[in-house]
Each structure stands twice: as C-alpha cells, then as structure tokens.
Protein chains: 2
Amino acid sequence: MGPVVQRRPPVMADVAREAGVSHQTVSRVLNDHPNVRGETRARVLAAIGKLGYRRNHVARALVTKHSRTLGVVSFDTTLYGPASTVYGIEQAARAAGYFVSIVSLTSIDRAGMRDALDYLTGQGVDGIVVVAPQRATARALADLPLGVPAVAVEGGEAGDVSVVCVDQAAGGRLATEHLLALGHETVWHVSGPSDWLEAEGRVAGWRAALEQADRQVPRPLTGDWSPRSGYEAGRVLAGMRNVTAVFVANDQMALGVLRAFTEQGVRVPERVSVVGFDDVPESAYFSPPLTTIRQDFGAVGRHSIEVLVRQLEDGRHGLERLVVPPALVVRASTAGSA
Amino acid sequence: MGPVVQRRPPVMADVAREAGVSHQTVSRVLNDHPNVRGETRARVLAAIGKLGYRRNHVARALVTKHSRTLGVVSFDTTLYGPASTVYGIEQAARAAGYFVSIVSLTSIDRAGMRDALDYLTGQGVDGIVVVAPQRATARALADLPLGVPAVAVEGGEAGDVSVVCVDQAAGGRLATEHLLALGHETVWHVSGPSDWLEAEGRVAGWRAALEQADRQVPRPLTGDWSPRSGYEAGRVLAGMRNVTAVFVANDQMALGVLRAFTEQGVRVPERVSVVGFDDVPESAYFSPPLTTIRQDFGAVGRHSIEVLVRQLEDGRHGLERLVVPPALVVRASTAGSA
DNA sequence: GGGACCGTTGTTAACGTTCACAGTCGGGCC
DNA sequence: GGCCCGACTGTGAACGTTAACAACGGTCCC
C-alpha cells in the first residue's frame, strides 16, 4: 500500500522482459517492421500498455541522427504577420509529424541570426524555417550552416535556399490599380521600413502600377509598421490638398492614417481613399471599414513546411520558389474621385 | 585543393586526438570543470576552433536526462494575448538558457491537451508551460503527467501546478470603477466566451464593482473576442436608450462596438463611454482612442519561466501563485455622464 | 622518508535506442 | 532426405556524451 513510488520510467528492456522477447523485437513492433508475428506483436503491445512505456526520443535521435524537430527562426512574433505565419508553420509541421522549436530574434542583424541558427543546429534540428522579412535577416541566410536543409519565408532572392513568399509587388500593384481604376489621378504611399523586403516589394508594385499608367510618382512617406507612424504620416498627408488616394503598406499604419484624417476633418472615402495591406481581423471594423490586400499567412506556413519536408525526405536539394498570390478586399475606405 | 569535402561533423574524440588529450578532458573544458590546467584548456579550445566542433546536445541529453528544452502549450497564437505571452515566455526561456518547443492546440478539449502533453513529454522536455485560458484547458491540467514540473498561465485554480496570471477581476473592477467615478449610473458589459477564465474574471470584477456601489447589474452580452461579435453587441446596445457606459472584455470587440455606435449615430464618449481590455497597440488609434486595461503579457511570460526554472533547479515542488496587476489607461472613449 | 592529500588526467561504463548480422524453425521442392 | 528460402527472433555493437573511479605526480607535514 502507501503512495505509488516514483519509479524510473520503464525502458525497452523492461518491456522486453515483461513480454518475454528481446528488446529488438520491441523496437520492431514500435517501428512497424513487417516481420513480427501477430501474437508476438500483441504481447509486446500489452506489455507496453501495462508498463506505461513511452519511447525515449532522445536515445532514438542519437542513433538515427534525426530529431524529427524543425527549427523556426522568426522576428517579433507579436506582430500579426509573423504570428500568423508561425502559427501556420507549427500546425503544418505537427501534421507532418515534426516538433517545432522556435527562436524569436531580438536583434535584426547578422549576428543575431547566426546565434539563432547555431542554437538550433546545436540542438540537432532536422531542418530550419527562417522567417526573414528584413533585408538584413535575408542576407544573413548566407550564413546558414551547410548540410541542414532550410526554407526561407519572405526571404527575397536568398542565395542558397528555397523560398516561400507572398507576392508583395502584386499586392502593391493590386492596391494601386484599384485606386487608379476609381479615377484617382495618382496614388500616394506610406511604406514600411526600408530594410524590410515586404515594404520594398509593395513600393515596387505601387511604383510599377503608376508608371505603367503614366502617372506621376509621389515621394513615399516611410513608417515603421506601427499605428503611430501611420498617424504621423496621416497628419502630413492631411495637410496636402492634392492627395486623393493613399496606399498604406499595412493595416496598422492605415489605422493611424485614418485616425489622423478623422482628427483633421479629412473625410474617407469622400475626399481621400485609403487602402491597407494584410487584412487583419480588425480592419473590417475600422472607421470606415478598410479596403485592403489579404495575405494568406496560413498558406505560406503550410507551403514552407511542405517544401522543407520534401527536401528532408527526398534528400534532394533542388531550389524551389513558391509564391502565394495576395487578394484585394474592397470595403468602404475607397471610392471614386470627385 | 578542390572543394571542402562534406565530412562527418567532428565529435569529442576528434577534438581529443587533435589536442592530444582524452575525450573526458574535452568534456571537462566544455563544462567548465575547475580542475583543468590553463594550458590544456587552451589547447582544447584551439582544437575545437580548428575543427569547428559543436557539442551534440542529443547525446548529452541522453546521459544527463536533461534536454534544456521547455515545452509550451498554447491556444491559437494568432490572438494578441497568447502571442504576446508566448513571446515573453520564449525570450525569458532563452535568457535562462532553455530551448522552447511549442504546441498550439487546435481543439480546446481534454483530449487535445493530453495529446499536446504526451507530445512534449515524449520529446523529453524538462518542464512545461501551459497557457490555459479556457476552463476546459485548465481542467485538463489535472491530466498533467507526474514528474514533469509545470506552470500554468491564466490557469485559474489549477489543482496541482503553480500559476501565473493577470488579475482579471481587478481589471474588470478598475474599468467599472473608472466609469462609475465619471458619474455613470451603471455599466453594461460585453463579455468574452463563457468558457474562458479571463472572461469570467472580468465579469466577476465588473459585477463586484457594481454591487459594491449598490448599482443595478445589467445582463451582460456575450461575444467571442472577435470584432464581429463586438459589432453585433454594439448594435444591440445602440438601440437601448438607457445605456451610457459599456465595459467590453477586449479591445477587438470594443472596436466592433465603436463601429456599431458610429454607424447608428451613437457618439462616443458624448453619449456612451466605452472601456476595452488588453491595450493592443492599435487601441490608441481607434476612433475615438480607446480607454482600456493594460495587461503586461511580457511580465506574465517572464514570471512563468522564473517559477518553472526555480522548480527545475531547486527540485522543490512548492506551489506558487503569482498575480500580475493590470492597469487602467485612460484615453478618449470615456467621459462624464450628462 | 613516508603517508595523506590535492590537482590533473585517463579509463571504463553507463544512457536507451536502432542497425547489421546471425541464428532458428518450418515448409516447399527436387 | 537434403537444400534453400522465407519468416521470425535474438545478439552484439554502435551513436556521442557524461559520471564514477582509478592513476599519476607533486607538495606538505610530521
């Protein structure tokens, strides 16, 4: 009687003894090897159940050299975009039978990236997904340790690794063309920080659309993704009489722009139309509800795992590049020009 | 000459040979054992550098029985709250020298929790942090495997584990008392889903504040944290002439409420005051800027790791309960009653 | 001068699993 | 009956690290 003693957890040898077989037979049962007699398998399974045996992944990893763990390097998973991407990655990885180990970068530089990669490879991950939205992080991909398969998400033209990304330029173009089609003479732009690849792609798409339509290209204002920076840009834009359409590089900043416009008495969409980017869940409830570009973060996460697992299991190293298209979501913040 | 051949990565024995010592001495250097001669240490370090040796954590974990990995179980890390908490946990864990393995629950039930815990313990984590905001998840903590130290975040009165949480009731009370102090007769409430502990705590705080001031307690409206559900609640409230103050259980829903009020011509704060909860980065730029309750998610994450690491390293199992106080942030969505 | 002791190093044996190989048993076939 | 082959099972040796213990040389002290 008395309380159950805290015993050393059972190992394969214990199961083997209980079932009256060798440890190797237990291993075979666990790994679904074909050549095990049905009756033997049942006996082993029973012993496993009785003892509450759980296979030791660490010992397994030591000999197989595979940890069935994937490393994820990300930056500030508090932001909606990275958070959604990482969520998609985690779900897809688990579905594929892998664990996920996450490192969030605090510093953006090459050294931070190198630390993160050292950290993960040292732990013995089978592969790495790098969410590399900044130019610096993308460049740091060159430091990737050889021999560990990797996939970059939003990694630009990262030299040596496969890339999964949203077509940012197409998104910028979509937003701009929507505004142009509504009759606006030109479109102003509040961009993200210049060292972010996503910001750069959106600028490029916006510029391309304007040039293609032979319009004047205004100097873009630069924000830092935060609502506050959008607010500041919005105050500037509100003071300019000739502004009738603004493409803002993300929804958070667009919120700031809307706020500044409201304060300055600039009516949206009557006097100025505004388009955002991301389609965060809140954007449909802004005042007015925001026209924006939707990115399918879940799809990005899933695809990145697909690509990585393919590399892992085929052993091939063919560089893939998978581009997810964005979509325009029209709401009430855009209207025709007077 | 020629390209560097892709060799098997060096192991301790290789370093030992290179440095002319035994592998055990290499191990000692790596683990900062005191009794190694300075000159020997230097020679080993040089060999490590020359060969590019990296310690194999898996082999180490096998013999020490410590993986230096912490498991985190969370629910929908796309939401701002969980995302911020997990971010705080990850940062704190790394600072304490631990890896972090994350599992996001898709289903809320006991089975999902059990799977997640099996998953993590099978991988050999040293400890587990469970972000358990729902009643069901909290209840499932009872299933926690014995012998693995664990900490619950927002776990209510989870039986057997330490808990770190924000004082939700205090937050609800803070919001309600703020509105009462402004002269409102009573305060209406849009709550979160009833199976969330946080929602429950906020309701309790709100109710307590009203009862203490001897006010009528209206029937709360129930949402699901989403802006849409807030919008729907807002439409209902907009139709009720006697509503002058609303406490909404999170900022996202508060945004929906504001949107509904705007559409119905209900002016905030002139006719109705609104208080949110969370202080998401956007809330300062809502129309009007939202008065809300700030939760320090980073602190919650840090504390949970502190508690867990203490249990891990002291081996003690004393139940701790750490409560983080919330704070009122007054902005422009609240004003005195007419 | 001899024994105890300390600092330093090496040797051997775990840890719990999988892999490679070697058995054993029975049946089919010539 | 002997041979081979296939299905099934067991034996031993890895994997790369740390822990336990032994060994060595020198110093200190009586």
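Worth pointing out:
- Approximate spin-label separation B:D32-A:M240, in nm, with each point projected 7 Å along Cα-to-Cβ: 5.5
- A:D160 contributes about 110 Å² of solvent-accessible surface, heavy atoms of the protein only, 1.4 Å probe.
- Inter-chain shielding of A:80-86 (mean C-beta neighbours from other protein chains, 10 Å cut-off): 4
- Alpha carbon centroid spacing (whole Å) that separates the stretch B:50-115 from the stretch A:109-135: 16
- In the stretch B:46-194, one over the average inverse separation of all distinct C-alpha pairs is 17.7 Å, which is the Kirkwood hydrodynamic radius.
- Interface area, B with A, accessible, probe 1.4 Å, both sides summed, Å² nearest 100: 4500
- Its Kirkwood hydrodynamic radius, worked out from the mean inverse distance over all distinct Cα pairs, puts the stretch A:203-298 at 13.5 Å.
- 0 to 90° range, to nearest 10: angle between helix A:197-212 axis and chain A longest Cα axis: 40
- Taking all protein chains into account, the per residue accessible area for the stretch B:12-55 stands at 61 Å² (1.4 Å probe).
- Taking a straight Cα-Cα cut-off under 23 Å and skipping sequence neighbours fewer than 8 places away in the same chain, the lysines within cross-link reach of B:K65 are A:K65.
- Ranking B:H178, B:H189 by solvent-accessible area of protein heavy atoms (1.4 Å probe, all protein chains present), from largest to smallest, gives B:H178, B:H189.
- For the stretch A:265-313, the fraction of alpha-carbon pairs lying more than 14 Å apart is 63 percent, rounded to a whole number.
- DSSP-loop GluC sites (Glu not before Pro) across the stretch A:156-200, with at most 15 other Cβ within 10 angstrom: A:E157, A:E185
- Hydrodynamic radius of the stretch B:1-111 per Kirkwood, over alpha carbon pairs, in Å: 17.4
- Coil-residue trypsin sites (Lys or Arg not before Pro) of the stretch A:166-250, DSSP, other Cβ within 10 Å capped at 14: A:R241
- For the protein assembly as shown, the Stokes-Einstein estimate of translational diffusion at 37 °C and a viscosity of 0.692 mPa s comes to 119 µm²/s, using the Kirkwood hydrodynamic radius over alpha-carbon pairs.
- For the pair the stretch A:253-299 and the stretch B:225-296, the centres of their Cα atoms are 18 angstrom apart.
- Both radii are taken from the alpha-carbon atoms of the stretch B:147-243; with Rh as the Kirkwood radius, Rg/Rh is 1.06.
- Contact order relative to length of the stretch B:210-261, as percent, for alpha carbon pairs under 8 angstrom and 6 or more apart: 43
- Comment: the Cα-to-Cβ extended label point of A:T64, at 7 Å, lies 2.4 nm from its counterparts in the other copies, nearest first.
- Chain A - Debye-derived log10 I(q)/I(0), Cα point model, q = 0.07, 0.14, 0.15 Å⁻¹: -0.41, -1.03, -1.12
- Crossing angle, helix A:168-181 versus chain A [Cα axis fit, 0-90 degrees, rounded to tens]: 30
- In order along the stretch B:24-38, the phi-based Karplus estimate (6.51 cos²θ - 1.76 cosθ + 1.60, θ = phi - 60°) of 3J(HN,Hα) comes to 5, 5, 4, 4, 4, 4, 4, 9, 6, 5, x, 7, 10, 5, x Hz; Gly and Pro are listed as x.
- Relative contact order (%) - chain A, alpha-carbon pairs under 8 angstrom, separation at least six: 16
- Cα-based equivalent ellipsoid, the stretch A:80-132: semi-axes from gyration tensor eigenvalues, Å: 20, 16, 7
- Average projection area in nm² (convex hull over Cα atoms of the stretch A:12-55, one quarter of hull surface): 2.5
- Counting heavy atoms of the protein chains alone, A:Y231 has an accessible area of about 40 Å² for a 1.4 Å probe.
- For the stretch B:12-55, the relative contact order is 45 percent, taking Cα pairs closer than 8 Å that sit 6 or more residues apart in sequence and dividing their mean separation by the residue count.
- Sites listed here are GluC sites (Glu not before Pro) in the stretch B:212-305 whose DSSP assignment is loop and whose Cβ has at most 14 other Cβ atoms within 10 Å: B:E270.
The values are calculated or read from the model by the stated rules, or taken from the named source; none is laboratory data. In this text, all values refer to a predicted model and were calculated from it rather than measured experimentally. All Cβ positions, glycine included, derive from the backbone under ideal geometry; neighbour counts span all protein chains shown. Side chains included, ligands, DNA and RNA excluded: accessible areas come from the protein's heavy atoms. Shrake-Rupley method; radii C 1.70, N 1.55, O 1.52, S 1.80 Å.
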